[in-house]
Structures are given as C-alpha cells and as structure tokens.
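This report refers to the structure that appears directly beneath it.
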Amino acid sequence: MTTAKTDEVAKGTPAPATPSDQRERDRMRRRLARRRGGGWWPYVFLAPWFVGLFGLTIYPMLDSLYLSFTDFDLLTPAQWVGTKNYERMFTADPVFWDTVHATLLYVAVSVPLKLALALGVAMLLNRDLKGIGLYRAAFYLPSLLGGAVAVAIVWRQVFGGDGLFNDFLGWFGIEGQDWISSPDTAIYTLILLAVWQFGTPMVIFLAGLKQLPRDVYEAAEIDGAGPVTRFFRITLPLLTPIVFFNVVLQIIDAFKTFTPAFVVSNGTGGPLNSTMLYSLYLYKKGFADLQMGYASAMAWVLFLVIAGFTAVNFIASRYWVHYDD
Amino acid sequence: MGHQISRRTLFRTAGGLAAAGALGSALSACAGGTGAGSTSSKLTMTWWGSDERHAAYKKALAAFQEKNPKIEILETYSGYDGYFDKFNTNIAGGSAPDLLQMDRALVAQYARKGVLTPLDSYVGKSLDLTGFSKELLAAGTVDGKLYGVPSGIGISQLTANRSGLEKLGLTFPDREWTWADLKNLSVDIHKKSGGKIHGVDDGGGGTLNAFEIFAREHGQDLFTTDGKKLGFTPETLQAWWEYWAEMRKINAAPAPAVTSAAHNDLTKNAVVLGKALFTFDSGVYGAGGSITDATLDFLPTPQGDWSGAREGNYVNGGVLLSATKASKRVADSVKIMSFIAQDQTAIKDMMLQRGIPPTEKARSVIAGALDATDKRNMDVADYLSKRVTKATNDLPTPAAPPQGADQIWNLLFQSNLAIAFGKKSIKAQLGEFFDQAAGILSA
C-alpha cells in the first residue's frame, strides 16, 4: 500500500524523466517509504518476538484459562466442567487452604524482613571503603545462587536434625530439634532462606542511595540532624520509589516461590503441608496427580490474587511514595 | 535535585512489565495439549532405579542388541523422583517412550486411561511367560487384560538390622511372629540400648503395604475391586493408628520428627541412621543394594495372632514393563520384555536389581551367584510366597490399585503424622481421612 501511494505522489510531479532524475526520484521514493514505516521489514525483524509473545505467552495463557474450566488429566482429552474446579478449590479441598495459609505466612514474613535487611546492608555498603566492591559482591552472592537447587539442598542439611545449625546452637548449650521436619518450624527455614537471598533488592537500594543528593545531607548536618533523623527524614522519603519498586517485585516473587519449598521438603510440602506453598501444590496437582484442569484454575486464582495485591500496592503508593516531579 | 529518582513512568512500566512477565510465565507453564506418537526412529525405553539397576539394564539391553542388531534402543533412566511427572508430560506432549518400567501402583490408572497397550495377543508367541504364576501376572492385569510384565516376586517384608540386634544381645525373631512380638521386641531394644535406639520406624503411615497386610488380616482390602471406594472399615484403621500411638508412647517407635524427615528421603530412614532396627521401607535394601553398613536380614510383616492367623501377605509383581499405546514399536518392545524375563544372560545381568526373579528357572540361574544378604532376601521371599500359596483363608491377590492410590498413601502418611505431632486426635483424623479419601477416589 505504501508503495502505491508513493507512486501517485511521483506521478503528480511534472518533471522530465531524464535518467539522473529517475534515479533521484527512486531514491526519494525509497526515503519516503522508509519514513512512512518501511513496509514489512520491521515486522520481519520483530517476528521472533511476536512468535514468542503469542506462542509462548498469550496462547498458553488462554489455553490454561480454557483448561481451568475442564477436567484434564494430560492423558485423555479435556472435558468441559464449567466452574467445578473453582468451586472445589474453595469449598471441598482442605489442602488448598493449607497452602493459602502457608503462602500468605511466607509472603507476609519474608518480604518485609528481606527488604529491611537489604536496605540495612545497602546503607552499610554505601561508602568509600577499600575493597568495597568485594564486600558488595560477597553480599550479593547468595542471590546469584537464587533459585538454585543446590542451595536448597544445603539448607536441608543445615537445618536437619543433625545439621550445622544444631551444632551451632550446641555451642551455647541449646539443644536443637529437626527444624525441617517439625510442622511448627519448617516454614521458617524457608523464610530464612528467602531473607538470606536479599542481594537483588540490596543492589537496587544501593543504586538508589547513590543517587541521593549530598548537599541535602550536608545542609541537614549543619542544622544538627543526627544519623537517625537523617535516615527517617531524608533517606527514607527520598528512597520511597525504590522501596515501592522492591516491594512490588518481591511480593510477586514470594507468591510464586517454588524451588526451595520443593527441594527442602523433598517435594512433599510436608510436614503436614506446612511448607506446601501454593506453586508447589499447583505443580503437584498438575503433574503428579494428573489434574491439570484444577492446576490451571489454581494458576488463574494466583494470577488474580497477585494482580490484586499489585493493584492495592499501586493505589496505596499514592499515599506514601514521594516522587520528585 | 532535579535529576534523581523521578522517573515515575519508567518505574510503572518496568514494574508492570516485570509483573506481567512473571505472571505470564507462571500461567503459561500450566498449559498443555494432547498429541501422539514418538518422534525418534530408535525404540525409546525408560526406567527408574539406582545406579546398579541402570548398569544392569544397560548390560541386559546390550546383550539383546547383540542378537537383534536391527532394533536400536534409546535408553533414558533416572531416579523415581519426577519419573512419572516426566512420563505424564511426555504423553501429553506426544513424545511418550515406547517401552517403560511401570509402577505396580499406577498400572491400572494408566491402563484405564488408554495410555498402555494390552499384551495378550503376544503372549505365547513373541512374549514368553513360561513359569510366571497366575498370582504374579495379576499384578499387571487390569480388567482382565495384561498391561505389564512383572519383574519378580514382590513380597512386603520388614528390613531388619541383624547386626544391631545381635549387638544388643537380642535374638532374631521367628518368621511366624505377631504384632505383639514386634512391640515387645521393640521395647527390649529401646531398654537395652539405653534409650538410644527404637525398635521399628513408625509404620502408622510410613507405607501403605504394612497397613494393607494388617487390613487383609482382618479380611479387608485397601480398595474395593472397582477402585471406587476404600475396602476397609474405620474400626480397622483406628486399631492400626492406636497400635502405633502406643508404639510411640512406649518408645518402641521413634518421634514424629524422625518419621517426617524420612518422608521421600531414604538417607534419613531410621534404620539407615541407626535410630531403629526395623523398617517397613523396602528402599533401605531396595533394588539389590543397601544404603547402610549394617548386616541386614528380612522378615515377613507380623500377623495379628500367629496360631490360626489369617494370611495378610500376598505376592505382587515387583516392577512391570509396559508398552505405550501410541508406540509404533510394540512388537519390538515385546521382544525386549520377553528377553529380559527369560534369557539367561539377561537374568544374570539383572540379578536382584528388579526384585526376586519371577520364575523358578530364573531364580535357580542366579542362586549360586548371590551374596549373603541377597540370599537371605530371596529366602524370605521364597518362604513367603510358599506360605501365601498354602494359606487357605487368604484373600485373593488385590486388584491393581486405582487412580489416586498414591494420594491415599500420602493422606495416610500425613494423617498418622498429624496424630503423632499431637495436632489431631485419632477420632477426628479418622473422620477426615475417610472424607478426603472419598473425595480423592471420586475425583
């Protein structure tokens, strides 16, 4: 279509058609075509991304939405059952509520602790010491290992009945217990693991701290503001957009936690479903118990819950996040 | 101050994108589709097991290929963890293996879903099942058709730490022993070891098999034949849980944290850790190998009351070999099944890696080459299979367990643990167990 239009424009020009003119006109036409969007070439270059977006994200999402209204065991074709999966989830599956409980506890405890630690360490690391880069790297390291299975396995050993942690407690004469196989403590070992991996929000905090204006601090110091006042009156308010960013991302991340729960509990979510995080149960339903329809419904409920939390976060942010503009 | 953190829109976009991406991946991971057919020109075969079993399979398959050079085999193997998750995904994605090792507990589920192909038309032709008893073949038979070739006689045994028992100066129990004997001996173990060692790991939920035999002694089965309902009464389960509550109370069985830690982790098994001398978990000496240095021996699951006891034991089929329905190579798969079951080289390569061999002939082929523990293992299995055939008051071999059986086992485990941790009374848990089990079996 673009080319046709350019032709019309060209036709309207009453110039004699000498060869050099012709060449000039061709060049013009091409330049025009480029300015008007360049035909289909850009789309060719974008194609891999589109294939990925539609093939690997949008289509599977819609497929899973469809499956959430079916009985689908992976092996035989899906059967439409309406909202049965959703009803069963909320009315007839006690394990579902166990997982909701475990997940909310996990999110509510791990996210604030992790962010507080990340901010604290970021402030400690925000100074010009010799070898500071090394310290920063050392604190970031656990996050690089992030979802690694190996770390979770180590965790299982550390907090097991005869693990390092109990040896450590032994030095102080405290007799430990098997932290991972007791239903009252197991979830806290997972929370501790999450908090320990505070590196990513820490780096983001550090980047934010670096941007804070020094002159404000100098002025405050001259006015006699102590470190505590400076933190609460200057650092924290100026940093709220970063805090907000981290809160949103960490909450989403925490809701989706799978690997540590899977590995630390040996895939059981035990003891007594105390570490049965939502994603783990979803996985078990889909791939182990062959209830992919139910698992899809669970995935959509998770989607809505996370979307809800994120929306509330954005709305609440109006009251506590200070932007400079 | 004008240039710092003020990129409101940037934050929104970045945050939003990250959130959308994160969610998208969570959702799209949960979609699937059905397809059919294997994509490789080679015959794909898959199994789970220990390293020793992998080596045995590979040796046996190499021997097969020497005689059948035209059949190329693509071998894939792993531990049990995730094995069936992967199989399910493969089936759904249309890349199912042609031939696979199948779990006795799952064969009915897969057969009824039309994933496996019936083998009856090959029996007596390319599938040689000479010497397989009827009881044994029942393990692979679903609704009257054969869907899997059993690998051996599986007998529910108790694994015992013989050297540990001798160290305490206690005598090894008789094969004709009772639940009361187990209790008394366990109390002795705890006393003589100065409270360091318990008798037996908690069987209240540890394995479905122990309870199954207990139920069969009461003339009941785990499931009704059609697999739609539980086959035992609340009273039976209550008696079982009360027995184990008592065992924990008198320190005959270890504390719940020990039981809980061993869930899905053999290395934490009470016998492996030296915290108990008996275990119902056959994995401690599974697939022909031991994961403890102790000298092991084997015992039948105890009976309610030896004189005139009702036989609860039965012979099952170990693991099975099955062919998938989508496979275009069923005839070749059957040849391999037949070879592994009957060929002398294959039998010698396998030894006890897939359980006690299924036929007299195979057992005699390997008898001379067994080590001491293997020999004791086979002795008890032999003794038990004879006892089962002689028993006049036993129930028929149970039908292959229905879909959801593994969830029922998990429920039993969790229920026993909830009682042990003191979170629920036996009565309350009993009601919950039957409610939830009904839900699982009708799902």
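Assorted remarks:
- Hull volume in cubic angstrom per residue (convex hull over the Cα atoms of the stretch B:81-129): 99
- Taking the chain by itself as reference, the stretch B:410-432 contains these residues with an accessible-area loss of 40 Å² or more in the full protein complex (1.4 Å probe, heavy atoms): B:414, B:421, B:423.
- Full-stretch length increase - residue B:291, residue B:134 - with 0.36 nm per residue and alpha-carbon distance subtracted: 53.2 nm
- Dividing the convex hull volume of the alpha carbon atoms of the stretch B:99-163 by its residue count gives 126 Å³ per residue.
- Taking a straight Cα-Cα cut-off under 19 Å and skipping sequence neighbours fewer than 8 places away in the same chain, the aspartates and glutamates within cross-link reach of residue A:256 are A:98.
- Were the residues from residue B:192 through residue B:67 laid out at 0.36 nm apart, the gain over their Cα-Cα distance would be 39.2 nm.
- Phi-derived couplings, Karplus 6.51 cos²θ - 1.76 cosθ + 1.60 at θ = phi - 60°, listed residue by residue for the stretch A:97-113: 5, 4, 6, 4, 4, 4, 5, 5, 4, 4, 5, 5, 8, 6, 5, x, 4 Hz, with x used for Gly and Pro.
- Dipole size of the protein assembly as shown about its Cα centre, with +1 on Lys/Arg Cβ and -1 on Asp/Glu Cβ: approximately 2720 debye, rounded to the nearest 20.
- Cα long-axis angle, helix A:149-159 against chain A (0 to 90 degrees, to the nearest 10): 20
- Once the Cα gyration tensor of chain A is diagonalised, semi-axes √(5λ) in Å: 49, 36, 19
- Those GluC sites (Glu not before Pro) in the stretch A:164-244 that DSSP places in a loop and that have at most 15 other beta carbons within 10 Å: A:175
- Split chain A at each of the chymotrypsin sites (Phe, Trp or Tyr not before Pro) in a DSSP loop with at most 14 other beta carbon atoms within 10 Å, and the longest piece is A:173-322.
- Virtual spin-label span in nm between residue A:223 and residue A:105, 7 Å along Cα→Cβ: 4.6
- Scanning chain B for GluC sites (Glu not before Pro) that sit in a DSSP loop and have at most 15 other Cβ atoms within 10 Å, the longest stretch containing none of them is B:177-443.
- Computed Rg/Rh of the stretch A:146-225, alpha carbon atoms with Kirkwood Rh: 1.27
- 0 to 90° range, to nearest 10: angle between helix A:2-11 axis and chain A longest Cα axis: 20
- Calculated mean residue ellipticity at 222 nm for chain A: -21000 deg cm²/dmol, from DSSP H runs with n ≥ 4 weighted as -39500 (n - 2.57), summed, divided by the residue count and rounded to 500.
- Using only Cα coordinates, the Kirkwood hydrodynamic radius of the stretch B:333-443 works out to 17.9 Å.
- Too-long pairs where the Cα-Cα distance tops 28 Å, listed order kept, from B:42/B:67; B:67/B:361; B:70/B:145: B:70/B:145
- Cβ-Cβ distance of residue B:181 and residue A:117, R₀ of 56 Å, FRET efficiency by 1/(1 + (r/R0)^6): the value works out to about 0.50.
- Residue A:70 long-range amide H proximity, modeled H, under 5 Å: A:81
- Largest to smallest principal axis extent of the C-alpha atoms in the stretch A:88-154, angstrom: 60, 25, 14
- With both labels modelled 7 Å from their Cα along Cα-to-Cβ, the residue B:226 to residue A:29 distance reads 7.8 nm.
- Interface area, A with B, accessible, probe 1.4 Å, both sides summed, Å² nearest 100: 4800
- Heavy-atom accessible surface of chain B: percent carbon and sulfur, 1.4 Å: 52
- Helical contribution to [θ] at 222 nm, DSSP H n ≥ 4, -39,500 (n - 2.57), averaged over chain B, rounded to 500: -13500 deg cm²/dmol
- Calculated SAXS-style log₁₀ I(q)/I(0) at q = 0.14 Å⁻¹ - the stretch B:207-347, Debye, Cα scatterers: -0.93
- Among the listed pairs B:249/B:275; B:167/B:386; B:183/B:268, those with a Cα-Cα distance over 25 Å are B:167/B:386.
- Convex hull volume per residue for the stretch A:184-325, taking Cα atoms only, in Å³: 138
- Projected onto its three principal axes, the C-alpha set of the stretch B:181-241 covers 49, 17, 15 Å, listed from the longest axis down.
- Cα pair distances of the stretch B:110-261 binned at 5 Å [whole percent]: 2, 7, 13, 15, 14, 12, 11, 9, 8, 5, 2, 1, 0
- D_trans [Stokes-Einstein, Kirkwood Rh over alpha-carbon pairs] for the protein assembly as shown, 25 °C, 0.890 mPa s, µm² s⁻¹: 81
- Rg over Rh, two decimals, the stretch B:218-275 (C-alpha only, Kirkwood Rh): 1.12
- Highest-MSF residue in chain B out of B:103, B:174, B:382 [GNM, Cα springs under 10 Å]: B:174
- Between residue A:49 and residue B:41, the modelled labels are 4.1 nm apart [label points 7 Å from Cα along Cα→Cβ].
- Between residue A:214 and residue A:312, the FRET efficiency estimated from the beta carbon spacing at R0 = 25 angstrom works out to 0.10.
- FRET efficiency, residue A:81 to residue B:386 (Cβ-Cβ, R0 45 Å, nearest 0.05): 0.35
- Between 0 and 90°, nearest 10: helix A:186-196 axis offset from chain A longest Cα axis: 50
- Diffusion coefficient of the stretch A:182-252 by Stokes-Einstein, Kirkwood radius over Cα pairs, 25 °C, 0.890 mPa s: 171 µm²/s.
- Kirkwood Rh and Cα Rg combined as Rg/Rh, chain B: 1.03
- Between A:60, A:142, A:241, the Gaussian network model of chain A with springs among Cα atoms under 10 angstrom shows the greatest mean-square fluctuation at A:60.
- Paramagnetic reach from residue B:344 in the stretch B:368-385 [backbone N under 13 Å; point 7 Å along Cα→Cβ]: none
- Longest site-free stretch - chain A; sites: trypsin sites (Lys or Arg not before Pro), DSSP loop, at most 11 other Cβ within 10 Å: A:131-325
The values are calculated or read from the model by the stated rules, or taken from the named source; none is laboratory data. If you're wondering where the values come from, they're calculated on a predicted model, not measured in any experiment. Cβ coordinates were reconstructed from backbone atoms using ideal geometry, including for glycine residues, and neighbour counts include every protein chain displayed. The protein model used for the area step is the full one, side chains on, heavy atoms only, and it has no ligands, DNA or RNA in it. Shrake-Rupley method; radii C 1.70, N 1.55, O 1.52, S 1.80 Å.
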